[in-house]
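Please read the structure below before turning to the comments.
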Amino acid sequence: MPDIAFDQWQLMYEQYFQDTFGSPRLCLEKGEGCYLWDSEGNKYLDMLAGIAVNALGYAHPAIVHAIEKQAEKLTHVSNYFTTPAQISLGRTLTRIFENSGYSYVKSFLCNSGTEANEAALKLARLFKPGGIILALDHSFHGRTMGALAATGKETIREPFEPLPAGVEFCAATREDLQRACARLGDRLGAIICEPIQGEAGVIPLEAGFLSDARDYADRAGALLIIDEVQTGMGRTGQWLASASGVDPVKADVITLAKGLGAGVPIGAMVVCSPQADVFSPGLHGTTFGGNPLACAVSNAGLGEIEKLLPHVRSVSSALIEGLTSRGYRVRGRGLLLGVEVENAPHIVSQLLKKGVIANAPRENTVRLAPPLIITHEQVEEFLHVWDHLGEEKERGLHV
Ligand SMILES: *Cc1c(COP(=O)(O)O)cnc(C)c1O
């Protein structure tokens, strides 16, 4: 079977595709549970889950079944029509939000995280024309022009300026938020933030930040938009990171994607306060968003995730305990963790050589975001590999 060597795959990739992601490190052929196999038959323990996407790992029976069953009926209609699959997902999302304390829940379905944030930013414009959108330094909201305008990483934003205007940034601290909101006064139109900044290196917001943001938004008649694209739908051991933890708040808008589809592309912009429900026909739309295939898979995935939430908290504790007892500092919650090391890219490539997939969102952080189905045995398996990185790991040891 492995008659095409990896460097051949790599050459073909470089021939056929633009260089947006750098050269691929593996050509992956199949997966099962938390494991992946590359084109040469090597097996990997997946501690990244396609960047917090594959909540149920690979080839999960419930997902395979949902894809087959829905593909036999309909994969796409148009948004002139609805489908039972779409209604089922809408009902599930509303129920999940109600269980998290919301009473008004209406979704707009799209295909990705950046699209969910585009929808939220357009909604904010409509809600308060001329209002300034306040975003955070080091934030990540996506790569399209609108979401990029609210993304606080200069290296990815600046080459594409001018971007949509009316966005300002402040540091992700209560102090700086207070200053920025005082300066903007009634000009504040919306605050957009992630409960844990994933792409910045798994950096949780300071305790009290979200409640402050809620207060300032209320005082200025502005929206609080919480980007739970990475943290939402069970990743932190709760449905929503912002509705749980030390500083639970209610947002006006929550954006979702990544784990929402258990491996199929889908996003959602969920309006969760009546005053924020300002779209009317013709103002926003999508061709593919809300298609029955993605909806059926997402709905099946959420049904499985619901049963896994206590498990996520329990394996998370074991993973955090395993790493902290070895002297590492760990940030994040549930199965979205950042481990502090000295040379994360090096550790990540050492892990890959030993059959473990992770990534380095920044120089001093290894991100772990495994499938939510990861078992205690697989956590042990990971820690065993971590312990045997040898000399490389010693050099990476931070504390
Ligand atoms: C990944 C991510 C996005 C962008 O999602 P895409 O599906 O890549 O467009 C937006 N916000 C956050 C917090 C993310 O982690």
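The values are calculated or read from the model by the stated rules, or taken from the named source; none is laboratory data. Being a predicted model, the structure only gives us computed values, none of them experimental. Heads up, the Cβs are rebuilt from the backbone with ideal geometry, glycines too, and the neighbour counts pull from every protein chain shown. Heads up: the accessible areas ignore ligands, DNA and RNA and are worked out on the full protein's heavy atoms, side chains in. Shrake-Rupley method; radii C 1.70, N 1.55, O 1.52, S 1.80 Å.
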By accessible area (1.4 Å), largest first, ASP212, ASP3, ASP252 order as ASP3, ASP212, ASP252
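Sequence gap at least 6, Cα distance under 8 Å: using those rules, report the relative contact order of the chain to the nearest whole percent. Intermediate results must be reported in sequence, preceding the final value.
Working: 837 pairs, mean separation 84.6, N = 399.
Relative contact order for the chain comes out at 21 percent.
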Could you pull the Rg and Dmax for the stretch 1-49, using just the Cα atoms, both in Å?
11.9, 32
All other residues with a Cβ under 10 Å from the Cβ of THR144 taken together, and with Lys, Arg as +1 and Asp, Glu as -1, what is their net charge?
-1
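Per Stokes-Einstein, at 37 °C and 0.692 mPa s, what whole-number D in µm² s⁻¹ belongs to the stretch 13-145, with the Kirkwood radius over Cα pairs as the hydrodynamic radius?
On the way: Rh = 19.1 Å.
Estimated diffusion coefficient is 172 µm²/s.
Quick check on the chain: helices-only [θ] at 222 nm, where DSSP H runs of length 4 and up contribute -39,500 (n - 2.57) each and the sum goes over total residues. Nearest 500, please. Let's see the in-between values first.
Working: 13 runs with 152 residues, N = 399.
Computed mean residue ellipticity for the chain: -11500 deg cm²/dmol.
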What per residue convex hull volume, in Å³, comes out for the chain when only alpha-carbon positions are used?
149 Å³
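Tally Lys/Arg at +1 and Asp/Glu at -1 over every other residue whose Cβ is under 14 Å from the Cβ of ASP7; what's the total? Spell out each step's value before the answer.
Details: positive: ARG25; negative: ASP3, GLU14, ASP38, GLU40.
After counting each charged neighbour, the total is -3.
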Counting only heavy atoms of protein chains, what accessible area per residue, in Å², does the chain have with a probe of 1.4 Å?
44 Å²
Alpha-carbon centroids, the stretch 1-58 and the stretch 164-224: separation in whole Å
38 Å
If one takes the longest principal axis of the Cα atoms in the chain, at what angle in degrees, from 0 to 90 and to the nearest 10, does the Cα axis of helix 6-16 lie?
30 degrees
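How many percent of the accessible area of the chain is carbon or sulfur, using a 1.4 Å probe? Can you show the working numbers first?
Details: 9520 of 17560 Å².
Reported share for carbon and sulfur atoms: 54 percent.
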DSSP beta bridges in the stretch 138-256: the antiparallel percent, rounded to 5, is 20 percent
Dividing the alpha-carbon radius of gyration of the stretch 273-342 by 2.2 N^0.38 Å (N being the number of residues), what value is obtained?
1.78
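Output the direction-averaged projected area (hull surface divided by four) of the convex hull of the alpha-carbon atoms of the stretch 14-83, in nm². All intermediate terms of the calculation are to be shown ahead of the outcome.
Values: hull surface 30.0 nm².
Average projection, Cα convex hull of the stretch 14-83: 7.5 nm².
Have a look at the DSSP beta bridges in the chain and tell me what percent are antiparallel, nearest 5.
The antiparallel fraction comes to roughly 65 percent.
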Helix 344-353 vs. the chain, principal-axis angle (Cα, 0 to 90°, nearest 10)
50 degrees
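Order 153-161, 379-387 from most to least packed using the mean count of other Cβ atoms within 10 Å.
Details: 153-161: 11.1, 379-387: 17.3.
By packing density, highest mean first, the sequence is 379-387, 153-161.
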